[in-house]
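Encoded as structure tokens, the structure appears first; notes follow it.
The values are calculated or read from the model by the stated rules, or taken from the named source; none is laboratory data. This one's a predicted model, so the numbers in the text were calculated from it and none came from an experiment. Cβ sites come from the backbone with ideal geometry, for glycine too, and all protein chains shown count toward neighbours. The area values use the complete protein model at the heavy-atom level, side chains included, leaving out ligands, DNA and RNA. Shrake-Rupley method; radii C 1.70, N 1.55, O 1.52, S 1.80 Å.
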Amino acid sequence: MKTGVLLTNLGTPDAPTKVALRRYLKEFLADERVIQPKNKFIWWLALNVVILNIRPTKSAQNYAKIWGSFGKGSPLLNITLLQAQGVKKVLANEFDDLALEVGMRYGNPSIDSALETLQAQGCEKIVVLPLYPQYSDTTTASTLDAINKALENWNNKPKLDFIDHYYTDKSYIQSLALSVVEHQEQHGKPDKLMISFHGIPQRFVDNGDIYYEHCVNTSVLLAEALNLQDKDYQLCFQSIFGREEWIKPQTKPSLESLAQDGVEHIQVICPGFSADCLETLEEINEENRGYFIQAGGKTFSYIPALNDRKDHIKALSNIISKHL
């Protein structure tokens, strides 16, 4: 039985332009897993009449700041492709005749096209690893939705093995911890380590999404690996959008409050992002750096995502190999 591996991530616009961002955001914000609208018609109006006529311009400006920072084009796509190359190389030493493709939930290369490529190679089993260490309905479940929809019309459906989270994997936590240690060897130890995850509305958690629990558990496991006390680190959530209540504490006000309380040196790590992207490179390393410094902080540094670190590639390979 030939096996295929599909690595997925959230996605990226094709270019840092208003047109490309409008196309990308329309696909992203039309996903009901992401928005979970209370009133579908009102959300449709808000999206098509207001948001898609305003947000693409600002988003394009932000993407332009990071475009090309990891080779030509989109950082998220370039890093994901490097991760795929690394994983395929590691797994090739252990498994023969293995196919591996990359698919993005939104944008290109699409999940549909990746699955079609695996089908053309005769894969009877497909192992899917969404590159989200923590499960969320907004990301992980949405990815599974897209895969199931893509497979609906296949005559000979493959056996599907879907990995819905991996934050408990020891090699993933060790890779995170080592990235912190290496960063602090260069930049010193901070007054506090901020562990920032992408936020979701509190309503989603109230309705049963286990993402918040996974984030809390990840921060505890990382703190234990680094021998941190409770006072040494803080869990927080970034990328807040819209007016409803989101899970707390939130990154921006937390940074400002800490700076106002006399905390001078902050380091931020984002364990929910397997690859650096707009939310880490621009939002954290630029925008939130500014909030901290403006509020009186002195030293701010961002600890890069695990990206294509060798220990991260090994961790991802080990996670996948258990399903092969």
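In deg cm²/dmol, rounded to 500, what helix-only [θ] at 222 nm does the chain give when every DSSP H run of at least 4 residues adds -39500 (n - 2.57) and the total is split over its residues?
After summing the helix terms and dividing by the residues of the chain, the value is -13000 deg cm²/dmol.
I'd like to compare 9-18, 291-300, 153-162, 309-318: which one has the highest average count of other Cβ atoms within 10 Å, and what's the full order after that?
The densest-packed peptide leads the list: 9-18, 309-318, 291-300, 153-162.
For a protection proxy built on the mean count of beta-carbon atoms within 10 angstrom, sort 134-143, 242-251 highest first, please.
Sorting 134-143, 242-251 by mean packing, highest first, produces 134-143, 242-251.
Could you tell me the distance between the Cα centroids of the range 210-230 and the range 132-203, to the nearest Å?
If you average the Cα positions of each part, the centres end up 14 Å apart.
With θ set to phi - 60° and the Karplus curve 6.51 cos²θ - 1.76 cosθ + 1.60, what are the ³J(HN,Hα) couplings of the range 147-157 in order, to the nearest whole Hz, using x for Gly and Pro?
Listing the rounded values in order: 5, 4, 5, 5, 8, 3, 9, 6, 6, 10, 6 Hz.
Looking at the range 253-324, I'd like the Rg to Rh ratio, where Rg is from alpha-carbon atoms and Rh is Kirkwood's inverse mean 1/r. Don't skip to the answer; put the middle values down first.
Values: Rg = 15.8 Å, Rh = 13.6 Å.
Rounded to two decimals, Rg/Rh equals 1.16.
How do 32-41, 175-184 rank on mean C-beta neighbours within 10 Å, highest first? Mind showing how you got there, number by number?
Values: 32-41: 13.4, 175-184: 18.6.
Highest-to-lowest ranking by the protection proxy: 175-184, 32-41.
Which entries of Lys58/Lys314; Lys40/Lys248; Lys58/Lys149; Lys2/Lys314; Lys58/Lys89; Lys89/Lys170 have Cα-Cα distances beyond 28 Å here?
Lys58/Lys314; Lys58/Lys149; Lys58/Lys89
Share of the range 86-237's accessible area from carbon and sulfur, percent, 1.4 Å?
Its accessible area is 43 percent carbon and sulfur atoms.
How big is the antiparallel share of DSSP beta bridges in the chain, given as a percent to the nearest 5?
5 percent
Counting heavy atoms of the protein chains only and a 1.4 Å probe, report the per residue accessible area for the chain as a whole number of Å².
47 Å²
Taking θ = phi - 60°, what integer Hz values does the Karplus form 6.51 cos²θ - 1.76 cosθ + 1.60 yield along the range 246-260, in sequence order, with x for Gly and Pro?
10, 4, 10, x, 9, 4, 4, x, 5, 4, 5, 5, 4, 4, 5
Using amide H atoms built 1.01 Å from N in the peptide plane, name the residues 5+ places from Trp246, or on other chains, whose amide H lies under 5 Å from its own.
It is Gln202, by chain and number.
Quick one: if the Förster radius is 35 Å, what FRET efficiency do Ala92 and Val50 give, using the C-beta to C-beta distance and rounding to 0.05?
For R0 = 35 Å, the calculated efficiency reads 0.10.
Select from the range 102-177 those GluC sites (Glu not before Pro) which occupy a DSSP coil region and have at most 11 other Cβ atoms within 10 Å, ordered by residue number.
Sites meeting the loop and neighbour criteria: Glu152.
Using the Karplus curve 6.51 cos²θ - 1.76 cosθ + 1.60 with θ = phi - 60°, what ³J(HN,Hα) values do you get for each residue of the range 105-116, in whole Hz, with x for Gly and Pro?
My calculation for the range 105-116 gives 5, 10, x, 10, x, 7, 4, 4, 5, 5, 5, 4 Hz in order.
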